[in-house]
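Input: a single structure, listed below in structure tokens.
The values are calculated or read from the model by the stated rules, or taken from the named source; none is laboratory data. The shown structure was predicted, so the numbers you read here are calculated from the model rather than taken from an experiment. With ideal geometry, Cβ positions are generated from the backbone for all residues, glycine too; neighbour counts draw on all protein chains shown.
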Amino acid sequence: MSELHVTGVSYAVSDRLILKGVDLEVRQGEILAVMGMSGSGKTTLLKCIAGLIKPSRGSITVDGEDIVPMSEAQLDRVRLRIGLVFQYAALFDSLTVQENVGFGPLQHRTKTPEAVAELVGSLLADVGMPGTERMLPAELSGGMRKRVGLARALANEPGLLLYDEPTSGLDPVIARTIDDLIVETRDRRGVTSVVVSHDIPSIFRIADRVAMIDNGAIIETGTPAELRRSSDSRVRAFVDA
Amino acid sequence: MVAATFVGETSILAGQAAWLAVRGKFSLRETIRQMAAMGVDSIPIIMLTCAATGSVLAFYVADVLVRFGGSGFVGGMIALSFLLELGPVLAGVMVAARSGAAVAAEIGSMVVTEQIDALRMMSVPPVRYLVTPRVLACILMMPICGLFADMAGIFGGLVMASTHGVTQSAFMESIRTMATHADLMKGLAKTLWFGLTIAVVACHQGLNTQRGATGVGAATTRSVVLCVVFIFVSDFFLAQALSGASASMR
């Protein structure tokens, strides 16, 4: 389980401010959803938390370590404790499902090939994809890819799991199973989760707390019930849409 | 400014790849796979183009030399042309067009589909996983490609020269008289540099891909154009440097 603190994070590209002093706190084992319209800065914030983008200002601490001033080599050490489930899964298309899921442990030689094969089998069973080890990403549907992406993110046993638009592009039934999987993953493994999404039904189903981001700034944070009762017109417009 | 940035970035990339290679931090399996994809699979097309070029060269050279009583020079001239210049350069151009383009497109697609970010998230540096094996594979395979280019070009020249009244024995004797092992080695030395240039430029263009599918196409085109330009420009300087080096050894 990990703890995450985002303090005063700003990010600019050329003269355009994409994130404007974002503050967030995610407690151990909590599912925090960051919701907002397309282009509001959700994915940029997630990539900053993952260390894929360096913020212009502010600090991001994962288990007490500020990752903003870290070099790429130092980040590699921290990223072993962070998993990211990409919006379009980002599976390596030349590798099989088995090779994708077992990629991290095999590259880092933290387990024997036999132990990795066993781990892959168990992770695929956990995400409801048993027996797909030999398939290639091109043979999988959108929902299946996201499940394999989640299994791959779990292979390094992260304490912090980041989800980028986990239900976008999926039909409501499959989106529901992905929601269940996010909650089950937290319940079973105790991972701290940050879910970035604009899917309101999904957010209110899975989140312990919700943060609303608008135009690069967090404008309200609270439980799903609190956000439903919000008096902020921007939150209301989004929640009631 | 753009040129300085490009030179700086490619030099850093080459340095990082070299440092990882020296420390043995790369996948041998991936390197062998790339040696097959970038080198072995390029050999047929290299041989075809070089055989055709050798034939055309012999067509013009043999015609003139035989007319002026110089048929004893045909084989040597064609061999020297290929060993010193045409073999390495044509092999480089073909590898840049075929394998360099493939590398830029593959890595570019990985960038736009976030597979590079996925590598970073799993704490696997893209330079270690993607660049080092490709750079090593290209450097190791280019001399072999150059050797096949030389053989195919000379063979093409031999076949064409025989239709102009130059016998096979006269052609081979001319090669033995005029060309030396040093000429072969000078040409192969060039291919090492071409291999490094092709792999580093292609990987750099791929890693700097932006803006989706259009960006992948643009990166691929830039990679081929830059590699071909660098091959021709660096060939000029390498030719001067290598002949200067051999002259000082004499």
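Would you check which residues across the range A:27-53 are more than 22 Å from A:Asp63 (Cβ to Cβ) and touching a strand residue (DSSP E or B) at 6+ places or on another chain (Cβ under 8 Å) and list them? Before the answer, list the steps.
Kept after step one, since they are more than 22 Å from A:Asp63 (Cβ to Cβ), are these residues of the range A:27-53: A:35-44.
Correct list: A:Met35, A:Gly36, A:Met37, A:Ser40, A:Gly41, A:Lys42, A:Thr43, A:Thr44.
Out of the residues in the range B:103-128 meeting the condition of being part of a helix (DSSP H, G or I) and facing another protein chain (nearest Cβ under 7 Å), tell me which one is surrounded by the most Cβ atoms within 10 Å (Cβ to Cβ).
Restricting attention to the range B:103-128, the residues satisfying the condition of being part of a helix (DSSP H, G or I) are B:103-112, B:115-121, B:126-128.
Checking which are facing another protein chain (nearest Cβ under 7 Å) leaves us with B:115, B:117-118, B:120-121.
Working: B:Gln115: 24, B:Asp117: 19, B:Ala118: 25, B:Arg120: 20, B:Met121: 29.
Once the filter is applied, the top-ranked residue is B:Met121.
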### Query
Which helices (runs of 4 or more DSSP H) sit wholly inside the range B:158-250 and have at least 2 residues that are of a type in the set (A, V, I, L, M, F, W, C) and surrounded by fewer than 16 Cβ atoms within 10 Å (Cβ to Cβ)?
B:181-207, B:212-249
### Message
Can you tell me which residue is nearest to the other protein chains (Cβ to nearest Cβ) among those in the range A:91-131 that are in contact with a Lys or Arg (Cβ under 9 Å, 6 or more places away or on another chain) and closer than 20 Å to A:Ile174 by Cα?
### Response
A:Leu91
### Summary
Taking the range A:1-26 and keeping residues crowded, with 17+ Cβ neighbours inside 10 Å, of a type in the set (D, E, K, R) and not in a strand (DSSP E or B) leaves A:Glu3
### Query
Among the listed residues B:Ala62, B:Ala58, B:Ala91, which satisfies the condition of being closer than 29 Å to B:Val225 by Cβ, surrounded by 21 or more Cβ atoms within 10 Å (Cβ to Cβ) and among the small types (Gly, Ala, Ser)?
B:Ala91
### Message
From the list A:Pro55, A:Pro137, exactly one residue is in contact with a Cys (Cβ under 8 Å, 6 or more places away or on another chain) and either surrounded by 15 or more Cβ atoms within 10 Å (Cβ to Cβ) or modelled with pLDDT of 90 or more (or both). Which is it?
### Response
A:Pro55
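Among what's in the range A:108-128 and is outside any helix (DSSP H, G or I) and of a type outside the set (A, V, I, L, M), pick the residue that is surrounded by the fewest Cβ atoms within 10 Å (Cβ to Cβ). Reasoning before the result, please.
To start, the set of residues in the range A:108-128 that are outside any helix (DSSP H, G or I) comprises A:109-112, A:127-128.
After this cut, where a residue has to be of a type outside the set (A, V, I, L, M) as well, the list is A:109-112, A:128.
On the way: A:Arg109: 9, A:Thr110: 14, A:Lys111: 16, A:Thr112: 11, A:Gly128: 15.
The selected residue is A:Arg109.
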### Message
Let me confirm something: among A:Arg186, A:Arg152, which residue is in contact with a Ser or Thr (Cβ under 7 Å, 6 or more places away or on another chain), closer than 19 Å to A:Leu46 by Cα, among the basic types (Lys, Arg) and crowded, with 17+ Cβ neighbours inside 10 Å?
### Response
A:Arg186
### Summary
When restricted to A:Leu162, A:Leu170, A:Leu181, the only residue in contact (Cβ under 8 Å) with a residue 24 or more places away in the chain and part of a loop (DSSP other than H, G, I, E, B) is A:Leu170
### Summary
A careful count of residues in the range A:52-86 that are under 19 Å from the mean Cα position of the chain (by Cα), in a loop (DSSP other than H, G, I, E, B), more than 8 Å from chain B (Cβ to nearest Cβ) and more than 18 Å from A:Ala155 (Cβ to Cβ) gives 6
